[in-house]
Amino acid sequence: MSRSQGMTRRAALLGMSGAAAAAAAAPWRARAQGPGDRRYLVVVTGTGGASIIDAMLAVRESESRSASTVNAYPDSMVQNAPDSPLRFIDQRLDDIGPLPYAGEAVQSTFVRKRASEMAVFTYTGTSVNHLIAEKRALTGNDAWQGRTVQEVCAATYGEGLLLPNVNMGVGGFIEPGLDPELPAYARAEPVTNATTWPFGLHGSKGIRRAPSASLIDKARRAREAIEARSLFDRTFTRSDVLTEWHARRVDAERVEAQDLITRLNAQVSSPRLPLADYGLASSQDAALIAQTFPRATTDALEAQAALAYLLIKNGISVSVTIGPSLSPAVGGEQVVDSPPLAFDFSHTAHRGGQAVMWSRMLSVAGRLIDLLEAAEHAGGGSFWDRTLMYFATDFGRTRSRPANARDFGSGHHLNNGALLVSPRLRGNAVYGGIDPDTTLTYGFDPRTGRPEPGRHMTERELFAGVVQTLGVSTAGSGLPDLSAIRRA
């Protein structure tokens, strides 16, 4: 058949494949939920490699036949939450490897309070490259058309919101998914500085002696009219990029109209920052945030958590990602809050680095949960009742150590486990298990939760567990059913 006579075989096959792809994607788009049914996702990134065996799956020396040469802890250091398989380690550090800084590392506060909502999901990853592993922790190694868990949440529950998906991560955690069918509104809005970002949410507010709002609006309308007649606009009028640019300009005006520069501003007016002098004001929750995160003005992770709360509570976002950068953070009295390279400082001082970082992450995450739990949701209950917190990380760490070494360096390792926290989980549980002689984790039956020592869970199964716990239907996706971990 010639081209002039009808469709070629190649065109027909391409059309069939396109239709199949559209059919696969369509059910997901059709299941977008309304405001009363919204669910929320908070991703906390364990940048550098958060090792689950230095926290909830810590092994006691008395339990291991290889205790002196694997990463097993003295029995006195490892405790369990009451009536729980979940463990924690509290310790006082005199130093962190070569860093001459003391500090307390406390995991017990979070685990004791949240054990009933916590679940450890053991799994084995597929890369020990930071950037690749971080992205796969979010996409499940491209488990569902390359979408990230944040994009799935935003596409399902965020339609109509201004910024459904806000990402404050770094490295591979900030990378977008690969699905070209993803609705534009579900793409992540990257935020590099949670403290100053809200001040950029208005085109003129906060500028002294700025023109009146009506004059600025006239200038904008004039600019739009001129641009519409320009050679550039007429040449690229059908460009998807230009279309998106025009749409974002409309979104920017919606952001201004909803006064996000105020509603998301956690800063409290002070002589150093006289907000009123610039025509600005604080969020109505600023005092509460200052009490909960007293160092939010100087601690980037606390600032991120404060912004995450405001984004969710004010109905701006359904997915927010927070996490430490690779830069060090030192608090008062010579205490290290975050060593250089975050969890990856484990290359130099494994136990010290893991201890400080787990303590820091759990402390900030716990206070964010407290805020969400105290905030009433319009659909009933609290925001926390509808939220899943996923501690995503690059990979685990190597298990060996010099005989009886108090601290040591570790490398990257595929085997690990992820921490999930939510009232929507069948919590107070370890899904899978750990071999105390090797300190390697093993998997479980996805439907029953029964431990299976010969099985290793995958990034794909972890991805499925996260999105299904959020209430997202994965019918037709080919993803496994992880009903074992979620409440009915």
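Numbers for the structure displayed
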| quantity | calculated |
| --- | --- |
| For the stretch 197-284, the fraction of alpha-carbon pairs in successive 5 Å shells from zero, as % | 3, 12, 18, 20, 15, 12, 10, 6, 4, 1, 0 |
| R0 of 25 Å, Cβ-Cβ distance Asp75-Arg112: FRET efficiency to nearest 0.05 | 0.85 |
| Highest average packing first - 205-213, 445-453, 87-95, 415-423, Cβ atoms within 10 Å | 415-423, 87-95, 445-453, 205-213 |
| Pairwise label distance in nanometres, His246 with Thr438, each label 7 Å out on the Cα-Cβ vector | 6.0 nm |
| The chain: angle of helix 459-469 to the longest principal axis, Cα-based, in degrees nearest 10 | 70 degrees |
| Leu288/Leu231 FRET efficiency (R0 56 Å; Cβ-Cβ; nearest 0.05) | 0.60 |
| Percent RCO, i.e. relative contact order, over the stretch 197-284, from Cα pairs under 8 Å lying at least 6 residues apart | 44 percent |
| With Cα atoms, 0 to 90° folded angle of helix 350-374 axis to the chain main axis | 50 degrees |
| Note, ³J(HN,Hα) from phi for the stretch 112-121, Karplus 6.51, -1.76, 1.60, rounded to Hz, x at Gly and Pro | 4, 6, 10, 3, 5, 10, 9, 9, 9, 10 |
| Paramagnetic reach from Glu452 in the stretch 118-137 [backbone N under 15 Å; point 7 Å along Cα→Cβ] | 122-124 |
| Contact order normalised by residue count of the chain, Cα under 8 Å, 6+ apart, percent | 27 percent |
| Eligible lysines near Lys218 by straight Cα distance, threshold 27 Å, same-chain separation 8 or greater | Lys205 |
| Spin-label pair Ala475/Asp83, simplified geometry with 7 Å Cα→Cβ offset, distance in nm | 3.7 nm |
| Computed lengthening from Asp370 to Glu63, 0.36 nm per intervening residue step minus Cα-Cα distance | 107.0 nm |
| Other-chain or far-sequence residues with amide H under 5 Å of Asn415's (modelled H) | Gly125, Gly396 |
| Rounded, prolate or oblate (a/c below 1.5 giving rounded, otherwise prolate when a/b exceeds b/c) for the chain by Cα gyration tensor | oblate |
| Between helix 300-313 and the chain: long-axis angle, C-alpha atoms, 0 to 90°, nearest 10 | 60 degrees |
| Cα centroid separation, the stretch 116-141 to the stretch 52-109 (Å) | 22 Å |
| Gain on full stretching of the segment that runs from Asn193 to Ala213 - 0.36 nm per residue minus C-alpha separation | 4.5 nm |
| The stretch 154-202-the stretch 371-395 distance, computed between alpha-carbon centres (Å) | 18 Å |
| Stretch gain in nm, segment Val268-Arg254, where the contour uses 0.36 nm per residue and the Cα spacing is subtracted | 2.6 nm |
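Coordinate-derived values only; no laboratory data. Everything quoted here is computed from the prediction, not taken from an experiment. Please note: Cβ atoms are built from the backbone with ideal geometry, for glycine as well, and neighbour counts cover all protein chains shown.
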